[in-house]
């Protein structure tokens, strides 16, 4: 069964690239430019995984993650950002975040994280990288 993955990022180019990556890996990507748009999708579609940008206008990635977890509490969330979060990313756990990936990232890195999460390893993965 093909797994549904929701991507949330305010940059269309990033959405397109990640969607293409996920499609090439055999997943069904869904893209949203805003957290509010993604939450609407979550009302009608069950997602197996979410990949969200940390910094977005209107609703940031952590605010989105917190609201999303109220709808689909068991879905793992990967947060992406173009900055190294250092020790501050320990706080991501309280928002239900399962992993962090620093942008830019390679297809092998996202594939590895997704496979780890689908294998049930939901602890914070590579948070200090």
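The values are calculated or read from the model by the stated rules, or taken from the named source; none is laboratory data. Since we're looking at a predicted model, the values are computed, not measured. Note that each Cβ is placed from the backbone with ideal geometry, even for glycine, and that neighbours are counted across all protein chains shown.
Structure notes:
- Test: residue in region 51-58 that is touching a strand residue (DSSP E or B) at 6+ places or on another chain (Cβ under 6 Å), within 18 Å of residue 111 (Cβ to Cβ) and surrounded by fewer than 21 Cβ atoms within 10 Å (Cβ to Cβ): no
- Checked against the criterion of being assigned to a loop (DSSP other than H, G, I, E, B), surrounded by 15 or more Cβ atoms within 10 Å (Cβ to Cβ) and modelled with pLDDT of 95 or more, region 16-30 contains one or more residues that satisfy it.
- When we screen 41, 6 for residues that are surrounded by fewer than 19 Cβ atoms within 10 Å (Cβ to Cβ), at negative phi and in contact (Cβ under 8 Å) with a residue 24 or more places away in the chain, the only hit is 41.
- Considering region 73-83, and only residues there that are surrounded by fewer than 20 Cβ atoms within 10 Å (Cβ to Cβ), touching a strand residue (DSSP E or B) at 6+ places or on another chain (Cβ under 8 Å) and in a loop (DSSP other than H, G, I, E, B), the residue that is modelled with the lowest pLDDT turns out to be 83.
- Identity of the residue in region 56-70, outside any helix (DSSP H, G or I) and in contact with a helix residue (DSSP H, G or I) (Cβ under 7 Å, 6 or more places away or on another chain), that ends up modelled with the lowest pLDDT: 58
- For region 84-110, the tally of residues that are in a helix (DSSP H, G or I), at pLDDT 85 or above and crowded, with 20+ Cβ neighbours inside 10 Å stands at 1.
- Selection within region 113-129 - surrounded by fewer than 15 Cβ atoms within 10 Å (Cβ to Cβ) and either at pLDDT 80 or above or in a helix (DSSP H, G or I) (or both): 115, 118, 119, 120
- Residue match in region 64-71 (condition: farther than 22 Å from residue 116 by Cα and more than 14 Å from the chain's Cα centre (by Cα)): yes
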